[in-house]
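**Q** Mind looking over this structure? Questions follow.
The values are calculated or read from the model by the stated rules, or taken from the named source; none is laboratory data. Keep in mind that what you see is a predicted model, and the values were worked out from it rather than measured. Ideal geometry is used to build each Cβ from the backbone, glycine not excepted, and the neighbour counts take in all protein chains shown. Note: areas computed on protein heavy atoms with side chains; ligands, DNA, RNA excluded. Shrake-Rupley method; radii C 1.70, N 1.55, O 1.52, S 1.80 Å.
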Amino acid sequence: MENPENLYPVDEELQKFIDYRKRSGTIWRGVFLMSLFVAILVLIVLMLNIINDAFGLVALENEVDPHSLVTGYQENTMVSMPNTFASTNHAALAAVIQQNETGIGFVGHAHYQTNADDLRLIAVDGQFPTAETVADGSYPFARPLYIYTALDTLQSEPAVAGYFRFYLENANNSGGELGYFLADETLMADQINLIDTLAGGPQALDSLGGNLALSGSSSLYPLSRQMLLDFRQAGFGGDISIEQIGSEAGIEAFCRGDIQVLNASRPMTVAEAATCQRNRVNPVEIAVGLDALAIVSHPSLDFLESVSLKEMGQIFAAMNYWDEIDPSYPVEPIVRAVPGEGSGSLELLSGSMFSTIGLENLSGAAYAEIIRENLGRGRGRALERDQRFLAEGFIFDSQTAFNGACASAEPPTGCAQPARDRDNLLDLIEQEIIVPQIQQTWPLYDSIFNRQAIVAEASRKYPDAIVEFKSWLNPDFLVNPQSSEAELAGVRTAIWGTVMVVATTFLFSFPVGVGAAIYLEEYADSTKWYNKIIQTNISNLAGVPSIIYGMLGLTVFVRLLLPLTSGEMFGRVAEGTDPSGRTVISAGLTLGLLILPIIIINAQEALRAVPNSMRRAGMGLGATKWQTTWSHVLPAALPGILTGTILAMSRAVGETAPLIVVGASTVIRTDPTFFSRFTVLPIQIFQWTSRPQPEFQNLAAAAIIVLLLILLTLNASAVILRNRYSTSS
Amino acid sequence: MINSPVHDIDLTEDVALSLRKKTKWHETLIQGALVACGILSVFTTIGIVVILLNESISFFTREVFEITNKSIATDIGPADTTFETTASGSTLVVGQIVRVDDELMEVLAVDGLSLTVERGIQGTEVSFHTADEEIEKSVRVPFREVFTGSRWQPRLQQFGMWPLILSTLMISVISMIVALPLGLASAIYLSEYASNRTRSIVKPILEVLAGIPTVVYGYFALTFMTPFLERAFFGDNIQVFNTLSAGIVVGVLIIPLVSSMSEDALHAVPQSLRNASYGLGATKLETALRVVLPAALSGVTAAFVVAISRAIGETMVVAVAAGAGPRNFEWSQVFTNYGETPLNPLQSAETMTGHIVRISGGDLSYNSIDYNSIFAIGLVLFLITLTLNIISRRIVERFREVYD
Amino acid sequence: MSDSNDSTNIAVQAKDVSVYYGDFRAVKNINLDVARNKITAFIGPSGCGKSTLLRAFNRMNDLIPISRMDGEIVYRGKNLYDADVDPVEVRRRIGMVFQKPNPFPKSIYENIAWGARINGYKGNMDELVEESLRSAAIWDEVKDKLDQSGLSLSGGQQQRLCIARTVAVKPEIILMDEPCSALDPIATLKIEELMRQLQEQYTIIIVTHNMQQAARSSDYTAFLNMDTTDRSGYMVEFSETSAMFTNPQNQQTEEYITGRFG
Ligand SMILES: Nc1ncnc2c1ncn2[C@@H]1O[C@H](COP(=O)(O)OP(=O)(O)O)[C@@H](O)[C@H]1O
Ligand SMILES: [Mg+2]
C-alpha cells in the first residue's frame, strides 16, 4: 500500500463526498422530525375533529313553536280576564267601549274611523296609526294584505287579470274610506306592470269573459267586496262572488287549486308556497294595502295618552284596576273589549304585545295551563299519574279516578310523589308539546365559516326550522339520562356507571395489587421457581388483549358467580325477575383483573425505590417484617403506588371491549346500582358512534369530551402527586 | 434460644419467654393473605386458559344438525326400525346420528335407500313420523375446516376462521406499515437528535396519545379518517367501513408504544459507542442508523413484536370502523379476484376481535353455537398474542445481557 | 500549508484555548504546539481538564450540548473551529481512542471496515483490515476469528482493536484518552509498545494518569493543574518529557511527578 491517502477521496472528490453525506444527514433528520410531527399532528387533528363535531349549527324543527304557546296562553288569558268583552264583531267592541267610562279595547282602524267622535284613540309607544307609521312598521298592530291567484289562471282568464289591474288602480281610492291604510303608489304601479307582463296589456272591461270567485281572509273582505262591486259598475259582465273563510283555510284551499282568487291577511309561508308548487299552483302575490288595529278608549279616559307594549300586557292580561298600573290612575275596574278568540286580530295583538316574553318567563301555573290546552287527554292522564301537575286538583284526571288508582295493587308513582315543580313542567312541555326535532347538524368549522350558506340551505330544506348554534356539550347533556331523541339524550347514567364500575375496580384491585406487590418485593425470594412464575405470569398478563378479560369476566363473574354478582345472595333481586350477572359488580371485577398487572408492576417499582436503609432501620428496632413494611416501607412508597394506581384507573375508565363482552351495551335510562345493569361512558360513545344518524355522532363527540376531561383530571392528579412526591423527597 | 445471663440481670422466666421465637400468628396470616394476592394473578391466567379451552372444546365437540335434503319415503310407526328414504340428498353412513323431527336415531345399516336405525337414542322420545319429514344428520364442527375454511357462519355450519384471521392480519399489516416506521423514526429523533427541551415537550404528548381510549380512536377512524381517505384518494371506491382506515388508525394508536419502547432501547446504547463512531468521522445520521440502531436492534425488534401483538388484540377501532360481518370468500379468489376477499383494504371486513365484540354485544344465549364459537376465536387470539409477548420478552432479555 | 521550517514540524497547535461547560470554565488559556510524529502526553490530577482539552483537538466537545470553546486549534494552517470547517472531516483526520475500549457490537472485521466504508474507502477492504490489525499488533491474535464479535475479545485486545479501527481511516493525529486505564499491566505494555510503532506514521496525543507511562512512552509532556480559586485547568509546564521528569521547572510539577499530590 504505497499511498494509502489515495484510496480515500481527496480534494474535490472529498468535498463532494462530504457534501453528499451531510445532505443525506439533513434530509433524514427532516424525515425523523416529520415522523414525530405526524404523531403530534394526529393528536391535534383528533382533538379538532372532536371539537368540530361537538359544537355547531343545528336546524331545529319544533312540532309546535314555543312562542305560539306563549301567545296562545296570553290570548286565553286576555279573553278570560274579568270585565272583558270578546267578540269578532268590531262594531260590538266599539259599542262596549263607548258605553263604559273606564272601557278600553281594540277595534279595526276602519271601525275607529266610523266612530271617531265617540272613541278616543290611544298611541302605542307614542305612535298613532297613520299611513306612515303603518307603512314603516313603527306602529306594531298592522299587517299587509294580499290577493293571490295562480299564474295559469292569471294568463288564461282575462277577467282575473282585469280585476287585478282594476284592484291595483282603485284600491287606494276606496281603501282609505273603508279605514285601510293605503299601499305605496309606486308599489302599486310596479305591480300593474307585473300583471301586464304576465297577462298581456289591458282590455276593455265589457269584453272580458268568465266569472270571478273570491275567498279567504275576512279582514280583506270589505275591500275586495267593494272592488268587486266597483268592477261590475265599471262594466264587467260576468258573475261575481266572495266568501270569507279566513286566511289559513283560504291558503290551504288555494294551494289545492280550489280557489280562483284568494284574499289573505298574511303572506304565504315558504312551506305553503312549496305545497302550492307541488300541486302545480304557481302563486302570484299582489299586495293591496295594510290593515291596522286601533287601541281606543272611552273619551273620558283621558289620563291615558300613550301606552307601551308592556303596559298593554298589564292592562289586558294581568291587572284588574287602573291604579294597579299606575297609582295616579283612578281606582276603577278596567273594562276591556278585545277581538274574539281564534280571530287573526287577537293573534296579531298577542303576537306583538308579548313578543318579548319567552316560554321560560312564564309561571308554573301558566305551564299547567299550556299543558291543559295542548296535551292530549290520554297522554296527559298517564303523565299526571306518573307525577301530578298541580299540588291541588287535576288537569286531566279526576280526584276519584286518581284515588282509585292509588288504592289498586300497583299504585302509580304519582301517588307518593309531590306535584311537579316549575322546571319539571317546562321540561315536560319541551318533550311532549314542543318536541324539538333536529333535522340536520353542521360541524363547527362550517358553522363559523359558511354560516350564510348553511342558513340559506336550511331555510330552503326545512322552512319551519330554526337554525341555531348548539353546544352538544351542555349542562342538560350532563344531567339527562340516555334517550333515543338526540336532542334530549345525556350521559348521566353513563357517568354514574363509569363512576361505580371504576369504584368497584379500585376497591378490588388496589388492595389485591398492592398486596401482591408487597409479597413479591418484600417477602418473596425471587430466585425460587414459584415466585419467578408469578412474576413472569404478571408480565404476560399485561400483554393479554383486553377482550379476553371480557370473556373471563363473562364466564366467571356473570355466569359462575351469578348469585354473588347479581345481588341474589344479598336479596337484591326483585321477586319474580331472573337474576342477571351483567351488573356493575361483574364489570368492576373484570376491569379489576384487567388492571391488576399494571397496578402490581407500578407498585413493585415504587416499593423497589424505597431505600433499604428504611427496612433495616425498622428491623433494627425489633419490628416484625410486617410492622416494618406497614409503618415504614408502605408510607414511603405510597405516593408512587397511588400514582401508578391512578394511571391504571384511567386505563379502566377508557376500557370498552371487555365491558361489551360482559354485557354492558344496553340502553340504560335509570341510574345504576351495584347490582343493576349499567352502561359506561366509552360504551355510550361506542353506541352513538355506531348509529347512522349524524346527530348521534355529535353526541358521541360531546361524550368523548366528557370522557377525556375525566381522564385529564385523573392524569393531572397523578402528575401532581408525582411532583409533590419527588420534591418532598 | 438465648439463655446465658447478661451482666447481672436475673434471668427470670419472663425474659426467657420474650426472647423465644414465637409463632406470630397474625404475621403468618398477613403473609398468607399477601401470598394469596400474588397467586391470584396465576389463577387469572389459569382461569383464562381453562375457560377458553373449556368453551372451545364445547365448540369442537358440539353436535349440530345439518340438513341432508333427504326425507322419509313412507310413514313410520314407533316400532319400525327399517324404513325407506328418498333418493335425493347426501348419503348416510353407518354409525351416523340422524334426527327426524325431535327424535334422534343411530344408523345401524344402510341398504340402498333403506335405512336400519336404532330409535330414540340419547333419551329422545320415539314417535310416529309421516312421509316427507326431513332427515337431518349430526355433524361435529370439523377441526380441519376451522383452520382451513374460508367461510365463517357458525349458524349455517360454516366454520372456516380464515375470514376473521385474514382481516385481522390485514389490519395488523396496515397498522404496522404506519406504526413501525413512524414510531421508530420518532424514537430515533427523540433519542439521537432532540434537545432535552424538545423531549420534555414531545414525550408527554406521546403519553397523552397513548392514554386516549381506543373507542375515541374508533370514532376518529370513522368520522375523520374514512371521509378523509374518501375525499383525498379513493372516492366511491372506499366503503364507509373499511380495513384501511381502521388499520391506519390502529397504527397511529400504536405509534407511542413503538416509539417509547424503541427509544428506551436506543437510549440504552452506551454513549461510548456513539463517541467511537464520531471519532471515526461518522456523521450523526451514520452514527444513529449504522451504530446505535443496530446496537439496539433487539430492543427495537421486541418493540415491534409487542406492537404486532397489540394490533392483533386491538378491538374498539375495528369494531367501530372496519365493519360488521365476516368477509367470507373462496380460496381461489385470493389469486383471481382478491378484491372480494378480506385482502381488499377498501372494503369492510370483520376481525377476530370485532367479531367477538359484535356477537357478544347482542343478548347472547349461553348454549348457542355463537357463544361457543367466540371462545374458540378468543383462544386463537390468546395463543397468538401470548406467543408474541413471550418472544418479545425473550428478545429483550437477550438484549440486556449484551450491555450489563 | 505554511512553508516555514518551524511549522512543518508542528502537527497541530492550540492557541489560547479555553473550554466551558455552561458557565464553568474547565480549561483556560492553553497554548501548545504538538510536534509531528511525536508522542505528546497530558498529565495532571483528575478533573483538571485533560480530557476536555484533548477533545478540543477533534471537536468532540461539540457533542456535549452545554460546552463552548474560545481560542483556536490550528491544523495545517486552518483554525478547526472556523465556521466553514466540518467537524466530521476533522474527526476523520484527527482520530480518537477512548478510555474504555468501545468496539462496535459487530464482527472484528466490520469494526475495522465500518469507519473506512463510511469515509468512502475505495481500495481492497480485506487488505485494509489486515493492514490495520497488523499495525495495531493484534492481527495474529484475531486473524482466525474475524467474523466474531468485537465484544468477545479481552479488554486489551478490544483497545487494540479500537486503535486498529482508528488507524484504518488513515488519520494524521491520534488522540488517546487514558487508553490503558482499564487494562492490566501486560496489556498496558503492549499498547505502549504499539504507540512507539505508530509514532512513525502518526502524531499521537495521549492523556494519562500514570506518570511512569508518560515518562516511558512520550516525547513531550504537558502538565495541567487545577486553579485553586476557579477550579479551571491551566497548563503549568510543557516541555520535553526527559527534561520535565529529570528537571522540572515548576514547584507544582515537581510535587506532582514525585507523587506528593494528585
Ligand atoms: N460533559 C460535561 N459536562 C459538564 N462538565 C464536565 C463535562 N465533562 C467534564 N466536565 C467537567 O470539566 C472538568 C474537567 O473534566 P475532565 O476534562 O474530564 O478532567 P480530566 O480528564 O482531567 O479528569 C471537571 O470539573 C468536570 O466535572
Ligand atoms: Mg479524563
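**Q** Identify all residues within the range C:209-249 that are open to solvent by less than 50 Å² (accessible area, probe 1.4 Å) and either among the polar types (S, T, N, Q) or assigned to a loop (DSSP other than H, G, I, E, B) (or both); write none if there are none.
**A** C:213, C:217, C:218, C:219, C:221, C:225, C:227, C:232, C:239, C:241, C:248 - these are the residues of the range C:209-249 that are open to solvent by less than 50 Å² (accessible area, probe 1.4 Å) and either among the polar types (S, T, N, Q) or assigned to a loop (DSSP other than H, G, I, E, B) (or both).
**Q** Just checking, how many residues over the range C:57-69 are open to solvent by 60 Å² or more (accessible area, probe 1.4 Å) and among the charged types (D, E, K, R)? Explain how you work it out, then say what you get.
**A** First, pick out the residues of the range C:57-69 that are open to solvent by 60 Å² or more (accessible area, probe 1.4 Å): C:62, C:65-66, C:68.
Going one step further and asking which of them are among the charged types (D, E, K, R), we end up with C:62, C:68.
Going through the range C:57-69 one residue at a time, the tally reaches 2.
**Q** A further question follows. Can you find, within the range A:4-55, the residue that is surrounded by the fewest Cβ atoms within 10 Å (Cβ to Cβ) among those that are of a type in the set (Asp, Glu) and at the interface with another protein chain (Cβ under 7 Å from one of its Cβ atoms)? Quick ask: steps written out before the conclusion?
**A** Taking the range A:4-55 as the starting set, the residues that turn out to be of a type in the set (Asp, Glu) are A:5, A:11-13, A:19, A:53.
Next cut, at the interface with another protein chain (Cβ under 7 Å from one of its Cβ atoms) only: A:5, A:53.
Details: A:5: 9, A:53: 25.
Checking each candidate, the answer is A:5.
A quick yes/no check of all residues on (1) modelled with pLDDT of 90 or more; (2) surrounded by fewer than 17 Cβ atoms within 10 Å (Cβ to Cβ):
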{"residue": "A:125", "(1), (2)": "no, yes"}
{"residue": "A:134", "(1), (2)": "no, no"}
{"residue": "A:138", "(1), (2)": "no, yes"}
{"residue": "A:142", "(1), (2)": "no, no"}
{"residue": "A:149", "(1), (2)": "yes, no"}
{"residue": "A:155", "(1), (2)": "no, yes"}
{"residue": "A:163", "(1), (2)": "yes, no"}
{"residue": "A:177", "(1), (2)": "no, yes"}
{"residue": "A:180", "(1), (2)": "no, no"}
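**Q** Considering (1) over 28 Å from residue C:197 (Cα atoms); (2) away from ligand 2 (no atom under 15 Å from the Cβ); (3) within 14 Å of chain B (Cβ to nearest Cβ), say which one residue C:92 fails and leave the rest.
**A** So residue C:92 meets the others, but not (1).
**Q** If residue C:12 satisfies all but one of (1) within 16 Å of ligand 2 (Cβ to nearest atom); (2) within 16 Å of the chain's Cα centre (by Cα), what's the number of the condition it fails?
**A** (1)
**Q** Still on this structure, please answer the following. Determine whether the range A:526-539 contains at least one residue that is among the aliphatic types (A, V, I, L, M), more than 9 Å from every other protein chain (Cβ to nearest Cβ) and in a helix (DSSP H, G or I).
**A** Step one: of the range A:526-539, the residues among the aliphatic types (A, V, I, L, M) are A:533-534, A:538.
Filter again for more than 9 Å from every other protein chain (Cβ to nearest Cβ), leaving none.
No - not one qualifying residue is present in the range A:526-539.
**Q** Of all residues being in contact (Cβ under 8 Å) with a residue 12 or more places away in the chain and of a type in the set (D, E, K, R) in the range A:664-706, which is nearest to the other protein chains (Cβ to nearest Cβ)? Just the residue, please.
**A** A:677
**Q** If residue A:650 passes every condition in (1) more than 13 Å from chain B (Cβ to nearest Cβ); (2) out of contact with any Phe, Trp or Tyr (no Cβ under 6 Å at 6 or more places or on another chain) but one, which one does it miss?
**A** Here residue A:650 clears every test but (1).
**Q** Does residue B:77 satisfy being closer than 23 Å to residue A:590 by Cα and open to solvent by less than 30 Å² (accessible area, probe 1.4 Å)?
**A** Here the answer is no, as residue B:77 does not meet what is asked.
**Q** OK, next. For the range B:165-195, enumerate the residues that are more than 9 Å from chain A (Cβ to nearest Cβ) and farther than 20 Å from residue B:248 by Cβ.
**A** B:165, B:191, B:195
**Q** Something else about it: Among the residues of the range B:48-63, write down those that are surrounded by fewer than 17 Cβ atoms within 10 Å (Cβ to Cβ) and either assigned to a helix (DSSP H, G or I) or polar (S, T, N, Q) (or both).
**A** If the condition is that a residue be surrounded by fewer than 17 Cβ atoms within 10 Å (Cβ to Cβ) and either assigned to a helix (DSSP H, G or I) or polar (S, T, N, Q) (or both), then B:49, B:50, B:53, B:54, B:57, B:60, B:61 are the ones that fit.
**Q** Quick check on my filter: what residues within the range B:241-274 are within 14 Å of chain C (Cβ to nearest Cβ), open to solvent by 10 Å² or more (accessible area, probe 1.4 Å) and in contact with a helix residue (DSSP H, G or I) (Cβ under 8 Å, 6 or more places away or on another chain)?
**A** B:268, B:270, B:274
**Q** Can I ask one more? Scan the range A:646-663 and tell me whether some residue there is surrounded by fewer than 18 Cβ atoms within 10 Å (Cβ to Cβ) and free of Cβ contacts under 8 Å to residues at least 40 places away in the same chain.
**A** So far as the range A:646-663 goes, no, none of its residues is surrounded by fewer than 18 Cβ atoms within 10 Å (Cβ to Cβ) and free of Cβ contacts under 8 Å to residues at least 40 places away in the same chain.
**Q** Still on this structure, please answer the following. Assigned to a strand (DSSP E or B), more than 16 Å from ligand 1 (Cβ to nearest atom) and either surrounded by 15 or more Cβ atoms within 10 Å (Cβ to Cβ) or within 18 Å of the chain's Cα centre (by Cα) (or both), is that true of residue C:72?
**A** So residue C:72 passes the test.
**Q** Follow-up. For the range B:370-379, enumerate the residues that are surrounded by fewer than 21 Cβ atoms within 10 Å (Cβ to Cβ) and either modelled with pLDDT under 80 or within 11 Å of another protein chain (Cβ to nearest Cβ) (or both).
**A** Within the range B:370-379, B:371 is the sole residue that qualifies.
**Q** Going through the range B:291-343 one residue at a time, which ones are of a type in the set (S, T, N, Q), outside any helix (DSSP H, G or I) and either within 11 Å of another protein chain (Cβ to nearest Cβ) or open to solvent by less than 30 Å² (accessible area, probe 1.4 Å) (or both)? Please lay out each step first, then the result.
**A** Restricting attention to the range B:291-343, the residues satisfying the condition of being of a type in the set (S, T, N, Q) are B:298, B:301, B:309, B:315, B:328, B:332-333, B:336-337, B:341.
When the remaining residues are screened for being outside any helix (DSSP H, G or I), the result is B:315, B:328, B:332, B:337, B:341.
Hits for the range B:291-343 are B:315, B:341.
**Q** Scan A:666, A:673 and give me the residue that is closer than 19 Å to residue A:550 by Cβ and modelled with pLDDT under 90.
**A** A:666
**Q** Give the range C:23-58 a look and list any residue that's out of contact with any strand residue (DSSP E or B) (no Cβ under 8 Å at 6 or more places or on another chain), over 27 Å from residue C:199 (Cβ atoms) and either part of a loop (DSSP other than H, G, I, E, B) or within 13 Å of ligand 2 (Cβ to nearest atom) (or both), or say none.
**A** If the condition is that a residue be out of contact with any strand residue (DSSP E or B) (no Cβ under 8 Å at 6 or more places or on another chain), over 27 Å from residue C:199 (Cβ atoms) and either part of a loop (DSSP other than H, G, I, E, B) or within 13 Å of ligand 2 (Cβ to nearest atom) (or both), then C:23 is the only one that fits.
**Q** Here is a check on your reading of the model: is residue C:186 within 14 Å of ligand 1 (Cβ to nearest atom) and either in a strand (DSSP E or B) or more than 14 Å from every other protein chain (Cβ to nearest Cβ) (or both)?
**A** Against the criterion (within 14 Å of ligand 1 (Cβ to nearest atom) and either in a strand (DSSP E or B) or more than 14 Å from every other protein chain (Cβ to nearest Cβ) (or both)), residue C:186 does not qualify.
**Q** Could you tell me which numbered condition residue C:43 fails, if it satisfies all but one of (1) touching a Leu at 6+ places or on another chain (Cβ under 9 Å); (2) away from ligand 1 (no atom under 16 Å from the Cβ); (3) of a type outside the set (S, T, N, Q)?
**A** Result: residue C:43 passes all but (2).
**Q** Right, another one. Restricting to the range B:352-369, name every residue that is at pLDDT below 85 and of a type outside the set (Asp, Glu).
**A** Passing the criteria: B:361, B:362, B:364, B:365, B:366, B:367, B:368, B:369.
**Q** Continuing with the same structure: Specify the residue that is nearest to the chain's Cα centre (by Cα); the eligible residues are those in the range A:316-366 that are open to solvent by less than 40 Å² (accessible area, probe 1.4 Å) and of a type in the set (Phe, Trp, Tyr).
**A** A:354
**Q** I'd like to know if the range A:274-283 contains one or more residues that are assigned to a helix (DSSP H, G or I) and touching a Phe, Trp or Tyr at 6+ places or on another chain (Cβ under 8 Å). Can you show your working first?
**A** Here is the first cut: in the range A:274-283, the ones assigned to a helix (DSSP H, G or I) are A:274-278.
From what's left, touching a Phe, Trp or Tyr at 6+ places or on another chain (Cβ under 8 Å): A:276.
Yes, there is a match, as at least one residue in the range A:274-283 is assigned to a helix (DSSP H, G or I) and touching a Phe, Trp or Tyr at 6+ places or on another chain (Cβ under 8 Å).
**Q** Right, here's the next one. For residue A:434, state whether it is modelled with pLDDT under 85, open to solvent by less than 50 Å² (accessible area, probe 1.4 Å) and more than 30 Å from residue A:49 (Cβ to Cβ).
**A** It is true that residue A:434 is modelled with pLDDT under 85, open to solvent by less than 50 Å² (accessible area, probe 1.4 Å) and more than 30 Å from residue A:49 (Cβ to Cβ).
**Q** Tell me, please, whether a residue that is basic (Lys, Arg) and part of a helix (DSSP H, G or I) can be found in the range A:573-596.
**A** No: the range A:573-596 contains no residue that is basic (Lys, Arg) and part of a helix (DSSP H, G or I).
**Q** So which of C:200, C:192 is more than 16 Å from ligand 1 (Cβ to nearest atom) and assigned to a helix (DSSP H, G or I)? Quick ask: steps written out before the conclusion?
**A** On the way: C:200 fails: assigned to a helix (DSSP H, G or I).
Going through C:200, C:192 in turn, the sole match is C:192.
**Q** Is it the case, given these coordinates, that residue C:184 is modelled with pLDDT under 90, under 18 Å from residue C:136 (Cα atoms) and away from ligand 2 (no atom under 16 Å from the Cβ)?
**A** Yes, satisfied.
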